[in-house]
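Presented below is the structure to which this report refers.
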Amino acid sequence: MKENLISRRANSVGRTKIRKMYELEKTLDNVISFTVGEPDFHTPENVVKACEKALAEHKTGYAANQGVLELRRAISDTIFKTHGVRYNPETEILITAGGMNALRAASEALINPDDEVIVPDPYWCNHFHHPLMELGKAVCVPVSEETNFMYDPDVLPKYITDKTKTIILNSPSNPTGRVMDEDTMRRLCEVCKEHDVILISDEVYDHIIYDDIKFCSPVMFDGMRERTVICNSFSKSYAMTGWRIGYAAGLEEIINAMLRINENTLASPTTFAQYAAVEALLGPQDEAKAMVKSFERRRDIMVEEINKIPMLSCPKLQGAFYAFVDIRGTGLSDDEFCERLLLEKRVSVTPGSGFGTNGAGHVRMSYALSEKDLLEGLSRIREFVNSL
Ligand SMILES: Cc1ncc(COP(=O)(O)O)c(C=O)c1O
């Protein structure tokens, strides 16, 4: 067999610590899992019915490579309602196979190998891995509790060079559960305009936001529509992770480049799933809203209970369904903490260092699990910490 059988691209990425913990926990019994970021709810019934109808009507052939026009129109209207910005469904919206495909196609469309991509650290793994996969160079900007785990627009310019092409923004954030406030967003947009960089705005958690905090997108600010690519998905907002439907919205030139990339790899996602996604946007929103209410209740439990445990802290959580818990007080490394917690108490959480060097000393806990399991898991964590 050839020595260099596997490409440098594939060898530049490993498995994530999320998947490693997930696979380890599957080898054990009675585990309470806080690892995978997936709503524990079913897809709303009206969406399932719309899919059945599309199948019965034989909507089973290829869709247009840009995606079903009806869905692009529904997305255009939705973005207009939520962001106050209009995208032309004919030319400025692309339907993708989930948010991941939107992000990847955006990077492939924009980034050359010598370009730099700014990524927050801690980051969501794919944001960091895409540039690593021979697309460009990832430049990590450390973020911390001090700035609500968001970029500090006063510090960001230090990391921008002539080669900086894009900045990855993810608010609400995975893994930290924080949301960028309006003032910081405004200042971040000024930096992007001043330094002529493109923002890739990963908005997959835009519906999952608490305490009446208003979702804020860069495109809401002057001059940003032309330098932002919105990447979004139905996975989290409508409990549709397995349907693999997402989208990108941006300038025609960029969307067209992304379409050319996808035309050669994916064509378009599953046609009948796209018709179901139309119903997700235009049909009743009660189930999706009830899901967010449940996440909010669990968020309250998380923050209250974690902060009662000595040596752990998690001051606030504003969106998505992740807690990024500071475990430095225990004296254990995050890898040790996770391994011992799983083996000794059968509770699975992800080491923060899996989300970047700056995530070390933390663990990520996805609270997309029932309140009963959540309380049981937290009680086992308390026992574990007390036993140290
Ligand atoms: C921040 C973020 N962006 C994008 C995605 C991709 O979601 P999907 O491809 O399922 O739509 C995820 C999934 O975990 C995520 O956490």
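Could you go through the range 76-86 and let me know if any residue there is within 20 Å of residue 205 (Cα to Cα) and part of a loop (DSSP other than H, G, I, E, B). It would help to see each step written out before you state the result.
Going residue by residue through the range 76-86, those that are within 20 Å of residue 205 (Cα to Cα) are 76-85.
So of that shortlist, the ones also part of a loop (DSSP other than H, G, I, E, B) come out as 84-85.
Scanning the range 76-86, I find at least one residue that is within 20 Å of residue 205 (Cα to Cα) and part of a loop (DSSP other than H, G, I, E, B), so the answer is yes.
Set side by side, the residues 301, 309 differ, and just one is more than 21 Å from the chain's Cα centre (by Cα) and closer than 18 Å to residue 178 by Cα, which is 301. Taking the range 239-251 as the range and being hydroxyl-bearing (Ser, Thr, Tyr) and part of a helix (DSSP H, G or I) as the test, only 241 passes. Within the range 212-257, being at positive phi and modelled with pLDDT under 95 holds for one residue alone: 212. Here residue 62 meets the list (1) touching a Ser or Thr at 6+ places or on another chain (Cβ under 8 Å); (2) within 23 Å of residue 235 (Cα to Cα); (3) in contact (Cβ under 8 Å) with a residue 24 or more places away in the chain; (4) surrounded by 19 or more Cβ atoms within 10 Å (Cβ to Cβ) almost entirely, failing just condition (4). Annotation note: of 70, 90, 116, 134, the sole residue that is away from the ligand (no atom under 16 Å from the Cβ), modelled with pLDDT under 95 and either in the same structural domain as residue 227 (by TED's automatic domain parsing) or buried (at least 16 other Cβ atoms within 10 Å of the Cβ) (or both) is 134.
Inspection of the range 185-196 identifies no residue that is in contact with a helix residue (DSSP H, G or I) (Cβ under 9 Å, 6 or more places away or on another chain) and within 16 Å of the ligand (Cβ to nearest atom).
Do you know which residues across the range 319-349 are touching a Phe, Trp or Tyr at 6+ places or on another chain (Cβ under 8 Å) and either surrounded by fewer than 18 Cβ atoms within 10 Å (Cβ to Cβ) or β-branched (Val, Ile, Thr) (or both)? It would help to see each step written out before you state the result.
So the first thing to find is which residues in the range 319-349 are touching a Phe, Trp or Tyr at 6+ places or on another chain (Cβ under 8 Å), and the list is 319-324, 327, 330, 340-341, 344-345, 347-349.
327, 330, 340, 344, 347, 349 - these are the residues of the range 319-349 that are touching a Phe, Trp or Tyr at 6+ places or on another chain (Cβ under 8 Å) and either surrounded by fewer than 18 Cβ atoms within 10 Å (Cβ to Cβ) or β-branched (Val, Ile, Thr) (or both).
Rundown of residues vs (1) within 16 Å of the ligand (Cβ to nearest atom); (2) assigned to a helix (DSSP H, G or I); (3) among the basic types (Lys, Arg); (4) closer than 30 Å to residue 189 by Cβ, yes/no style:
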{"site": "230", "(1), (2), (3), (4)": "yes, no, no, yes"}
{"site": "237", "(1), (2), (3), (4)": "yes, no, no, yes"}
{"site": "253", "(1), (2), (3), (4)": "no, yes, no, yes"}
{"site": "260", "(1), (2), (3), (4)": "no, yes, yes, yes"}
{"site": "277", "(1), (2), (3), (4)": "yes, yes, no, yes"}
{"site": "284", "(1), (2), (3), (4)": "no, no, no, no"}
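The values are calculated or read from the model by the stated rules, or taken from the named source; none is laboratory data. Note that the structure is predicted; figures quoted are calculated from it, not measured. Reconstructed Cβ throughout: ideal geometry from the backbone, glycine too, with neighbour counts over all protein chains shown.
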